[in-house]
Structures are given as C-alpha cells and as structure tokens.
1. Taking the condition part of a helix (DSSP H, G or I), exposed (fewer than 10 other Cβ atoms within 10 Å of the Cβ) and not hydrophobic (A, V, I, L, M, F, W, C), does E70 pass?
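The values are calculated or read from the model by the stated rules, or taken from the named source; none is laboratory data. Note that the structure is predicted; figures quoted are calculated from it, not measured. All Cβ positions, even for glycine, are placed from backbone atoms using ideal geometry, and neighbour counts span all protein chains on display.
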Amino acid sequence: MTGQADETRWPTYISHSVCEAVKAGILTCDCNIVIVARHEVQHYTNQLAKDTNKYIKDLTALPTPSLTSEQVTWLVSLVTVL
C-alpha cells in the first residue's frame with residue numbers, strides 16, 4: 001500500500017493510519033479491498049459535489065423575492081436576537 005501513488009489524494013491521515021496498522025500487524029488487509037473502498041468513497045464524494053453545484057446553480061437562478069416592510073422588520077429582529 002505504501003508503495004502506491006495516491007492519485008486521488010484520499011485523506012492522507014486515514015491512509016497513513018491504515019498502513020501503519022497493517023505494518024504493525026494490528027490490522028490485516030487485502031489492499032484490493034482498500035483500493036475499491038477508496039474509489040467508492042471518491043465516487044460518492046464526486047457525485048455529492050456535482051449534486052451540490054447543481055443545487056446551488058438552481059438556487060441562484062431563482063428570482064429574489066420582494067419583501068414587505070413587515071417581513072424586513074421581522075428578519076432584522078430575528079438576526080439581532082441571534
């Protein structure tokens with residue numbers, strides 16, 4: 001595991017901890033399973049980023065609502081309480 005390049009930049013501290021545990025004999029590991037798990041995490045993270053960007057784009061495309069003076073007063077009072 002330690003000889004392989006980490007092309008995905010998966011969190012180094014996790015990879016390092018797993019490698020150290022394998023070296024110390026605390027953890028037995030099939031490196032193929034670790035590689036598959038890392039790719040699954042990377043895929044999930046990439047999909048989450050794509051979805052988030054789409055939702056942000058969709059939200060920014062919405063028109064800004066007009067607020068009545070009562071709503072503005074209520075929002076200001078709410079913000080000052082926080």
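1. Considered against the rule, which asks whether it is part of a helix (DSSP H, G or I), exposed (fewer than 10 other Cβ atoms within 10 Å of the Cβ) and not hydrophobic (A, V, I, L, M, F, W, C), E70 comes out as yes.
Let's see how each residue does on (1) farther than 30 Å from C19 by Cβ; (2) modelled with pLDDT of 85 or more; (3) touching a strand residue (DSSP E or B) at 6+ places or on another chain (Cβ under 9 Å):
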{"site": "A37", "(1), (2), (3)": "no, no, no"}
{"site": "L48", "(1), (2), (3)": "no, yes, no"}
{"site": "N53", "(1), (2), (3)": "yes, yes, no"}
{"site": "I56", "(1), (2), (3)": "yes, yes, no"}
{"site": "A61", "(1), (2), (3)": "yes, yes, no"}
{"site": "P65", "(1), (2), (3)": "yes, no, no"}
{"site": "Q71", "(1), (2), (3)": "yes, yes, no"}
{"site": "V76", "(1), (2), (3)": "yes, yes, no"}
{"site": "V81", "(1), (2), (3)": "yes, no, no"}
